[in-house]
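A quick write-up on the structure given underneath.
Coordinate-derived values only; no laboratory data. Just so it is clear, the structure is predicted and the values come from calculations on it, not from any experiment. Note that we place each Cβ from the backbone using ideal geometry, even for glycine, and neighbour counts take in every protein chain shown.
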Amino acid sequence: MASSPQYGVFLGFDVGKGEHHAIGLTPEGTRLHDAALPNSEPKLREVFDRLAEHGRILVVVDQPATIGALPVTVARACGHEVAYLPGLAMRRIADLYPGNAKTDARDALVIADAARTLPHTLRAVDVGDETLAELEVLVGYDDDLVGEATRISNRIRGLLTGIHPALERAIGGKITHRAVLEILAQCGGPAGIRATDNDTVAAIAAEHAPRMHDRLIEAIQAALDEQTVSVPGSAAAETVLPQLAESLKTVLSQRKTLAAQVEEMLDAHPLAGVLTSMPGIGVRTAARILLEIGDASQFASAAHLAAYAGIAPVTHKSGSSIKGEHPTRAGNRKLKRAFFLAAFAALPDPESRAYYDKKRAEGKKHNAALICLARRRCDVLYAMLCNRTYYQPPQPTPKDKLPAAA
């Protein structure tokens with residue numbers, strides 16, 4: 001961010017759903033404005049125009065998206081610069097101010113004063129990138145659909161476990177497969193499948209699972225033969241299961257359509273190709289990474305990015321003795337999940353698999369080894385984003401170019 005003397009007003013916003021609290025300070029710290037402000041474009045423009053009489057305005061918000069999107073957009077439309085004070089920095093700076101009260105006015109003062117005295121704590125707000133703004137909406141909706149799909153899947157598996165454990169063991173792991181959902185939707189639960197003609201069930205499976213339909217039908221028939229008794233609640237489950245299967249089909253179809261929209265929108269971003277060139281990073285993961293870190297220019301190094309994502313181990317020390325390193329529970333959870341899932345998806349890649357196997361051989365469990373892999377890939381990803389270069393597998397060093405032994 002630019003140095004403080006360039007601005008005549010530092011306007012801090014503690015944003016809210018219905019209204020914001022805004023405090024405007026001069027470079028000397030004199031208050032020019034201190035009041036609640038409705039989340040309305042005319043009211044925002046009125047305050048901006050009045051404060052502009054005192055010089056250039058730097059508008060600083062504590063949340064640049066969602067409920068803070070309108071103040072940011074209106075400020076830009078009025079020709080004012082906008083910055084963002086991250087929540088972690090704000091909480092640490094707030095400890096320097098007297099009082100323990102948590103009020104909108106105090107938060108707005110902290111934001112405005114930090115902009116005036118600690119400009120290095122601010123980050124730029126790239127609201128001009130409409131692609132990211134649109135992606136934020138689509139990816140957020142996709143996150144909601146993921147939660148809904150998980151809820152329905154668990155409900156189906158829970159019902160099957162209660163009335164027919166053998167059938168749940170046979171199809172539970174494939175519950176989101178189209179063939180399994182079609183069988184449940186058209187035939188019902190275990191009683192309904194048993195009552196349906198075998199050729200009909202086989203035809204449904206063959207249509208939606210041409211490669212595995214024989215194994216699927218065999219597993220279902222074996223499970224049905226294993227249990228002959230009817231558990232209380234089975235009749236109601238036979239009514240509910242087809243409806244749940246239809247609901248899950250709808251949610252999965254929505255996710256598929258949404259993925260196509262995300263991919264089309266992501267193609268318009270200059271860093272999309274850079275991200276997806278790395279093994280394990282698909283459309284949804286690339287979109288999430290872009291939304292959380294952008295071009296990574298706000299991080300001084302790959303280590304800072306790893307710490308922000310929560311994939312850097314934390315060393316615990318007591319005096320001169322090191323107690324060991326442990327995974328942190330802090331960090332950006334959405335970004336950490338994206339890095340973790342990308343590392344898991346990259347396991348078929350020989351380079352990633354070799355590093356994962358190395359960590360497993362050292363005694364680390366599966367998740368710990370994946371976190372190590374994610375941390376290693378973070379270094380590569382950071383360099384790719386900074387240089388805007390595509391991923392290139394490491395080249396083996398020719399034996400004739402190896403350094404001679406001492």
> Counting other Cβ atoms within 10 Å, which GluC sites (Glu not before Pro) in segment 1-59 have at most 11 and lie in a DSSP loop?
Replying inline: E28
> Could you give the longest part of the chain that holds none of the trypsin sites (Lys or Arg not before Pro) found in DSSP loops with at most 16 neighbouring Cβ atoms within 10 Å?
Replying inline: 212-328
>> How tilted is helix 366-387 with respect to the longest principal axis of the chain? Cα atoms for both, answer in degrees (0 to 90, nearest 10).
In response: 50 degrees
> Using alpha carbon centroids, what distance separates segment 357-381 and segment 206-229, in Å?
Replying inline: 37 Å
>> Need one number: nm distance between label points at S301 and D34, each 7 Å from Cα along Cα→Cβ, rounded to one decimal.
In response: 4.2 nm
>> Please compute the length gained on full extension between A195 and E134, using 0.36 nm multiplied by the number of residues separating them and subtracting their Cα-Cα distance.
In response: 17.1 nm
> Helix 104-117 versus the longest principal axis of the chain: what is the Cα-based angle in degrees, 0 to 90, to the nearest 10?
Replying inline: 60 degrees
> Given labels modelled 7 Å from the Cα in the Cβ direction, how far is it in nm from R76 to H54?
Replying inline: 2.5 nm
>> Could you work out the relative contact order of the chain? I mean the mean sequence separation of Cα pairs under 8 Å and 6+ apart, divided by the number of residues, in percent.
In response: 11 percent
>> Can you sort L11, L44, L252 from fewest to most other Cβ atoms within 10 Å of each residue's own Cβ?
In response: L252, L44, L11
> Angle between the Cα long axis of helix 333-345 and the longest principal axis of the chain, 0 to 90 degrees, nearest 10?
Replying inline: 40 degrees
>> Assuming 0.36 nm per residue, please report the length gained on full extension of the stretch K174 to A222 beyond their Cα-Cα distance.
In response: 15.7 nm
> Counting pairs of alpha carbon atoms under 8 Å apart in space and at least six apart in sequence, what relative contact order in percent does segment 133-264 give?
Replying inline: 39 percent
>> I'd like the antiparallel share, as a percent to the nearest 5, of DSSP beta bridges with both residues in the chain.
In response: 70 percent
> Restricting the count to DSSP beta bridges whose residues both fall in segment 4-128, what percent are antiparallel, rounded to a multiple of 5?
Replying inline: 60 percent
> For H208, what is the net charge nearby, where nearby means another residue's Cβ is under 9 Å from its Cβ and Lys, Arg count +1, Asp, Glu -1?
Replying inline: -1
>> For a 27 Å ceiling on Cα separation, which of these pairs sit above it: K17/K256; K334/K359; K17/K102; K249/K364?
In response: K17/K256; K249/K364
>> Can you compute the FRET efficiency between T239 and R151 using 1/(1 + (r/R0)^6), with r the Cβ-Cβ distance and R0 = 25 Å? Round to the nearest 0.05.
In response: 0.85
> In the chain, with Lys and Arg counted as +1 and Asp and Glu as -1 at Cβ, which of these residues, S277, A354, L32, has the Cα nearest the positive end of the dipole, that is, farthest along it?
Replying inline: A354
